[in-house]
Structure formats: structure tokens, C-alpha cells
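The structure under discussion appears below in the form of C-alpha cells.
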Amino acid sequence: MSSGKTSSNTDVEGSENKEQRKQETPLWEIFIRGQHGLNHRHVGSLHAADAQMAINNARDVYTRRNEGVSIWAVKSTQIVASAPSDKEPLFDPANSKVYRHPTFFDIPEEVGHM
Amino acid sequence: MYSQIVKTDGTGVKSLADMTPEERAFQQRIDADQKIEPKEWMPDGYRKTLIRQISQHAHSELVGQLPEANWITRAPTLERKAILLAKVQDEAGHGLYLYCAAETLGISRDEMFEQLHTGKARYSSIFNYPTLTWADMGAVGWLVDGAAIMNQVPLQRTSYGPYARAMVRICKEESFHQRQGFHIMMQMVKGSDAQRRMAQDAFNRFWHPALMMFGPSDKDSVHSAQSMAWKIKINTNDELRQKFVDQTVPQAKYLGLTVPDDNLQWNEEKGGYDYSEPDWDEFYAVLSGNGPCNKERLQARVSAWNDGEWFRDGLIANAEKKQASGEVAA
């Protein structure tokens, strides 16, 4: 959910008092595994001073309605992300390889389920 | 609407031909219903307008806890108290989702708090009205959360990814809020005459302020066109207000309550109710700081922030100490 950037842009309104503001607690990305054994899934982010507080806050913020059985918290600054400008070189090559999908191959009906 | 008047940056809606290549590519992605994500290029006006809109929405969630907090210690039963606590906790969570969404645009949470505390940023006018009786908890849930849902459901399709995802989470949780409010009203109207009067009185006081939540009339809403082109606003203020009236009037009838509007009338031709506009002078007065509870709300918020300073300092000091002593602190 987050760009992992907590510092302020100078071009954004309200930045003029930057020097007077105290340090903020770091931002964490929260991943939750739901009831049904699927992968942990990114659900959002939150601020916390340390790892324990990140887990406690994640429990309060993201699992109030039985959404999860396990929490991962990762400091946002630790996330490595692909750049939006790399979208074409990274993902376009897959477009021409439709044979990777089973529906590419026509199997006669008399063969049955495959 | 939780963001009632958001000043839109930019020079008005440009035609595709008048745009720079970057702007054109951006607008075409929005027109194709693609989501814009944090690190991608976006016009400066889009970024600034979104920061204003999302933070205004977040501030509303935060300040919105205050009128209800008044009744946590006064709830009529332990069950109602637990339900109200859960609802107020949800509002804090909604504020948090939204602050995080705004942070992805390059503003820090403390900056947004500062804008709220210094009166630079707005929050919804509705939270500057007092909650005088227990029936107000019913009216707030039913009408205020009802109006909020009306606005937030379409925003799940907004063009900015983090904002849309925050909206999905919020909408999932918000429906409980409206239902618990309506449930309080149902119990009140089934009670004694005094309770019915209390329910009607709460309805009378919250009806027009709830209509104001959608913002000024379309003819006075100067910022809409660009925001709608950017898909950070999906419906006009009057469309949503009309929808809210049409949905709420039958619910009031079910409760046996009278809508406090002598001009309310079904209009067969438009397939909706005609209703009186709220008092827009009052709306602008409340929005600019002169509502019944503006000072009290802001004061409570600023006190909470200042009183918590030693605790925030302690958390950071403790984390730094643990890190320095080589413990796994982070």
C-alpha cells in the first residue's frame, strides 16, 4: 500500500514546519494469512516503534473480525519493488507465450477430461 | 460525504489534445479504468488534490470518534457499550487506512495531524454537532454512517490504487455501523412515549446536517469537473444526496418517524423525492469553524495529541535503546 517513503515532499502543502516536527515511528507493511491456509497477503501498513508493537498494532487494526491466523510485519524501507518504468520489459514478454495456458491446446471431446 | 469541499488543483479540465504527452497517457489510463499506483508519474494537481481529499476524509474518521466517545460511558447496557466501543475502534482504523493511503503520495502522517490541529485542514461538518441523548447514537449510525456509505461505495472504484483499496476495507466494515444505529432507533420507537419523542428529536436535529455531508449543491460545487475527470470523485454531490433521501425516507416511515421537512414529496416524474435544501449558510459557518462544537472537537483532538507526546517519545527511546544494545528490536 505504501511507497515506503515517510519523509515529506517539499512540493506538498504543509511542509514548512518540518524542522520542528519530531521523528515519526517507522512505517511497516502488514501481511496476514487468512483462515484457509493461503499465502500471507498484503493488507496495508501502519506505524510502530518496534517489531513487537507492529505485530500488536496489526492485530488491532487488521484482524478485528477474524481475518487472520498469522501476521508478518516488514519495515517498509526493507521492501524492494520493481520500478513502474520497468513494466514493459518485465511483463510484456509473457503476452506472446499463450501456450503456457492449458486452454491453448484443443483436446477432442472424446478424449474426456484432461 | 466525508470530504465535503476539496479544492482541486490544476487549470481546469483540458482536452486530450491540449495535454502534454505525459498528461495524455495518464488521462488515457484513467479513462481505461486502470489504477494509478504510488510511484508512477502523476500530474502535480492530481497528487495535491488527492492529499487534500484523502486527509480530509481521514481527519473526519478521527474526529468522528469524538461525538460517540461521549456515550461510551453512558450506554444503556453493557452490550450497547461493547458495540459502541467496537464502532469507535473501527473509526480509528478507518482513519489509519486513509492516512497510510495519503502517505503514499509523499506527505507524512504528522504533517497531516499538524494541518488538522492548526485548523488548516478540514473535516466533515457533521461532527461539529453535539450528541445530546442516547437516541443520537442511533441517528448518527443510521444517518451519518448511512450517508458516508453512500459516498464511499463508489469511491471503491476511484483511480488511485491505495485510496480505492482503503475504501474497500472501510466499506466492508461500515455496514455494521449503519445497522447498529438503525437497530438503536428500532428499539427506541418500540419503547415508551418519551423514548419515541427522543428518537424523533434526534432525527430532527440530524436530518439536515446529514444532507449537508454530501457537500454544496452541484451548481455551487466549483471543483467537481476536474476531480471527476480524474475519477477521484465518481458522482456529483446532488446525485448522492438524492440517493440518500430516496433510501432514507422509507426507513423513517418504517420507524414511524416524521421527516422534518414540510416540502418532502414523492416526485413520480423523476422517480425520487423532492426535498428542501439544507441551510447552506449554516453549512459554511460550521465548516469555517463556527458550528456548535468546533472548538470542543479540535481542543479534544489537540489535547489527545499533546498528552500522548511523552508516550510517543518513550516508544522511540525504547526502540533506539534496544537497537543500540543489539537486541532484535526491528
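The values are calculated or read from the model by the stated rules, or taken from the named source; none is laboratory data. Everything numeric here is computed off the predicted structure, so don't read it as measured data. Because the Cβ atoms are built from the backbone with ideal geometry, glycine has one as well, and the counts that use them run over all protein chains shown.
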Within the set of pairs 6 or more residues apart or between chains, which connect a residue that is crowded, with 16+ Cβ neighbours inside 10 Å inside segment A:32-56 to a residue that is part of a loop (DSSP other than H, G, I, E, B) and β-branched (Val, Ile, Thr) with Cβ atoms less than 6 Å apart? A:Arg33/A:Val69; A:His47/A:Thr25; A:Ala48/A:Thr25; A:Ala49/A:Thr25
Could you check B:Ser276 against (1) touching an Asp or Glu at 6+ places or on another chain (Cβ under 7 Å); (2) in a helix (DSSP H, G or I); (3) modelled with pLDDT of 95 or more and say which number it fails? (2)
Reported set for segment B:134-176 where residues are without any contact (Cβ under 8 Å) to a residue 60 or more places away in the chain and farther than 16 Å from B:Lys87 by Cβ is B:Val153, B:Gln156, B:Met167, B:Val168
Which of the residues belonging to segment B:69-86 are in a helix (DSSP H, G or I), surrounded by 14 or more Cβ atoms within 10 Å (Cβ to Cβ) and at pLDDT 95 or above? B:Arg80, B:Lys81, B:Ile83, B:Leu84, B:Leu85, B:Ala86
Options B:Asp193, B:Asp136, B:Asp218, B:Asp201; residue that is of a type in the set (D, E, K, R) and buried (at least 21 other Cβ atoms within 10 Å of the Cβ): B:Asp136
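Results for (1) within 14 Å of B:Met213 (Cβ to Cβ); (2) touching a strand residue (DSSP E or B) at 6+ places or on another chain (Cβ under 8 Å), shown as yes or no for each residue.
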| residue | (1), (2) |
| --- | --- |
| B:Phe113 | no, no |
| B:Phe127 | yes, no |
| B:Leu132 | no, no |
| B:Gly146 | yes, no |
| B:Arg165 | no, yes |
| B:Cys171 | no, no |
| B:Glu174 | yes, no |
| B:Met185 | no, no |
| B:Arg197 | no, no |
Tabulated pairs, segment B:316-330, first modelled with pLDDT of 85 or more, second assigned to a helix (DSSP H, G or I) and among the acidic types (Asp, Glu), C-beta under 8 angstrom, 6+ apart or interchain: none
Here is a list of conditions, (1) surrounded by 14 or more Cβ atoms within 10 Å (Cβ to Cβ); (2) not in a loop (DSSP other than H, G, I, E, B), and A:Pro93 meets all of them except one; can you say which number that is? (1)
What's the number of the only condition in (1) surrounded by fewer than 24 Cβ atoms within 10 Å (Cβ to Cβ); (2) outside any loop (DSSP other than H, G, I, E, B) that B:Ala121 fails to meet? (2)
Restricting attention to segment B:244-276, which residues are within 21 Å of the chain's Cα centre (by Cα) and surrounded by 17 or more Cβ atoms within 10 Å (Cβ to Cβ)? B:Phe244, B:Val245, B:Thr248
Restricting to segment A:19-51, what's the tally of residues that are within 12 Å of chain B (Cβ to nearest Cβ), assigned to a strand (DSSP E or B) and not aliphatic (A, V, I, L, M)? 7
Scope segment A:52-76; condition facing another protein chain (nearest Cβ under 8 Å) and out of contact with any strand residue (DSSP E or B) (no Cβ under 7 Å at 6 or more places or on another chain); matching residues: A:Met53, A:Asp60, A:Arg64, A:Arg65
With the requirement that a residue be at negative phi, part of a loop (DSSP other than H, G, I, E, B) and not small (Gly, Ala, Ser), what does segment B:187-245 give you? B:Lys190, B:Met213, B:Phe214, B:Pro216, B:Val222, B:His223, B:Trp230, B:Ile232, B:Lys233, B:Ile234, B:Asn235, B:Thr236
Touching an Asp or Glu at 6+ places or on another chain (Cβ under 8 Å) and surrounded by 10 or more Cβ atoms within 10 Å (Cβ to Cβ): does that describe A:Ile71? no
Quick one: is B:Trp310 within 14 Å of chain A (Cβ to nearest Cβ), surrounded by fewer than 14 Cβ atoms within 10 Å (Cβ to Cβ) and part of a helix (DSSP H, G or I)? yes
Given the options B:Ala252, B:Ala317, B:Ala300, name the one that is within 14 Å of chain A (Cβ to nearest Cβ) and more than 18 Å from B:Asp218 (Cα to Cα). B:Ala317
Among the residues of segment B:287-307, which ones are of a type in the set (A, V, I, L, M) and either touching a His at 6+ places or on another chain (Cβ under 6 Å) or modelled with pLDDT under 95 (or both)? B:Leu287, B:Val302
Which ones in segment B:49-108 are among the charged types (D, E, K, R), closer than 28 Å to B:Pro292 by Cβ and in contact with a helix residue (DSSP H, G or I) (Cβ under 8 Å, 6 or more places away or on another chain)? B:Glu61, B:Glu68, B:Arg74, B:Arg80, B:Lys87, B:Asp90, B:Glu91
